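The values are calculated or read from the model by the stated rules, or taken from the named source; none is laboratory data. Computed from a prediction, not measured in an experiment: that's the story for all the values here. Counting neighbours? That spans all protein chains shown, and the Cβs are built from the backbone with ideal geometry, glycine included. When the accessible area is computed, the model is the full protein with side chains, heavy atoms only, and any ligands, DNA or RNA have been set aside. Shrake-Rupley method; radii C 1.70, N 1.55, O 1.52, S 1.80 Å.
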Amino acid sequence: QKEEEEEEVVAVEEYKLTLEEVPAASYDVTTSPGASPGGSGPVHTLTINLGKPGHPDPIIIQIGKIGRQASAAVTLTRGKSVLYATASRDNKSRDDIDFLPLSVEHTERFSSAGVTSGAFNKREGRPGEHEVLVCRLVDRPLRPLIAEGWRRETQLLSWILSFDGERTCDPLAITASAAALWLSDVPLSKPVAAAMVGYVDGQLVLNPTLDQMKHSRLNLTVAGTKDAVLMIEGAADFLPESLMVDAVAFGHDAIRVQCEGLEELAKVVGKEKLYDTIKSPPEGLREILDERYAARIDEMYAGALVKEDQEAASSQLSKLVKEEMEELYPDESSAVKSALKDLMCRRMFEKAKTEGTRIDGRRLDEVRTISSE
């Protein structure tokens, strides 16, 4: 048994990474007529070469063939893996809420891998833990880029229709959902894409295969626009900070070319964004709140209160603001609540920036007290 373990260790140490050459980073948009005369409209295809060794399969995003009743629907193909993503929104805006009503769903169907459930219930079950985590990965970079004040119910759905078993589809789910949202009339400010980065045999690898990931010391998912990184998620095996920075930049290179391609595709088939139902905050509201309550918020934050006391003080302040602002803005309770939240966030950030402390008294290089038994 010891000899077998030693052989396994040697096999891991001797793993050598070989990355095949690929075309340079590029993208191309083409248009072809629909499959059935008089039926569907033209089909638009975006082909993206990521330009990183070891990733020979281009990413192909296609719109116009299926799901034409959605606000936007795309298929994303890489190798033999195919994802389908749709973006839909309600026709009416909700005035009774003060948050963005965005829901995200992701499904990894048994049929995508050629498997049929053998249980009594032949249908797909509830979302698994991994599917829920992918939904969060999709939501996180997209939600901040949707126009402030958008109150229409919005739904992003993505399915893995075919899985080739070679590479994970997690970053593709982000890119496909973001592409559908970008091409729809939902006011997303910029296109978003994602990439996965591994570190195998001393080399950074883009969207590594499942076999390569067994030997990788890094599992990093990066999402962002062509200008900036919006989200990183993953784990590393005690890698230096400089290498982590290089890994993020390495992934962002692939994100940049995808976003540039999506911008070109939107020029051809993207819908005009809807801004007509977005209400601007009442004029002068922010200035009034700043003048009346900024000092009080600073005083509350200076007390270094524990969490329970902080919540009680914030709740008391919210009730006071609501009562006092009701006379000036009787029909704008939601706007008042949002403006107060914005003020509290700005004062919290200013305290951390100027004083170097958080609202509970901790400095920026300190963590909460942790106890265990």
Choose one answer from 233, 287, 105: the residue with the largest mean-square fluctuation in a GNM of the chain with alpha-carbon springs under 10 Å.
-> 287
Between 151, 136, 347, which gets the highest mean-square fluctuation from a Gaussian network model of the chain, Cα cutoff 10 Å?
-> 347
Could you state the number of Å between the C-alpha centres of the stretch 180-227 and the stretch 44-88?
-> 15 Å
Would you kindly give the portion of the calculated P(r) for the stretch 142-201 that falls above 14 Å, as a percent of all Cα pairs?
-> 61 percent
Per residue Cα convex hull volume in Å³ - calculated over the stretch 213-299 = 211 Å³
Give the share of C-alpha pairs in each 10 angstrom bin for the stretch 51-198, from 0 to the last occupied bin, in whole percents, shortest bins first.
-> 11, 39, 34, 14, 3, 0
Using just the alpha carbons, could you tell me how many Å³ per residue the convex hull of the chain encloses?
-> 227 Å³
Between the stretch 251-269 and the stretch 152-177, the alpha-carbon center distance in angstrom | 17 Å
Degrees separating the helix 170-183 axis from the principal Cα axis of the chain, which is the longest one = 60 degrees
So the angle from the long Cα axis of helix 333-355 to the longest Cα principal axis of the chain, reported in degrees to the nearest 10, equals 80 degrees
Out of 138, 22, 74, a Gaussian network model of the chain with alpha-carbon springs under 10 Å gives the largest mean-square fluctuation to 22
Excluding residues on the same chain fewer than 8 positions from residue 353, give the aspartates and glutamates whose Cα lies under 17 Å from its Cα.
-> 298, 299, 342, 365, 366
Accessible carbon and sulfur surface of the stretch 85-223 relative to its total accessible area, %, 1.4 Å | 49 percent
Rounded if a/c is under 1.5, else prolate if a/b is larger than b/c, else oblate: which is the stretch 287-335, with a ≥ b ≥ c the root eigenvalues of its Cα gyration tensor?
-> oblate
Compute the signed sum of charges (Lys and Arg +1, Asp and Glu -1) over the other residues within less than 15 Å, Cβ to Cβ, of residue 53.
-> -2
Entries in 92/273; 279/337; 16/80; 307/351; 80/267; 279/351 that, when Cα-Cα distance is taken, lie over 19 Å = 16/80; 80/267; 279/351
Return the inverse of the average 1/r over all pairs of distinct C-alpha atoms in the stretch 325-373, which is the Kirkwood hydrodynamic radius, in Å to one decimal.
-> 13.3 Å
What's log10 of I(q)/I(0) for the stretch 147-301 at q = 0.20 Å⁻¹, Debye sum over Cα points only, no solvent?
-> -1.17
If you line up the long axis of helix 129-142 against the longest principal axis of the chain, both from Cα atoms, how many degrees apart are they, to the nearest 10?
-> 60 degrees
With an 8 Å cut-off on Cα pairs and a minimum separation of 6 or more residues, tell me the relative contact order of the chain in percent.
-> 14 percent
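State the extension gain, in nm to one decimal, for the chain segment bounded by residue 324 and residue 96, taking 0.36 nm per residue of separation less the distance between their alpha-carbons.
Length gained, residue 324 through residue 96: 80.0 nm.
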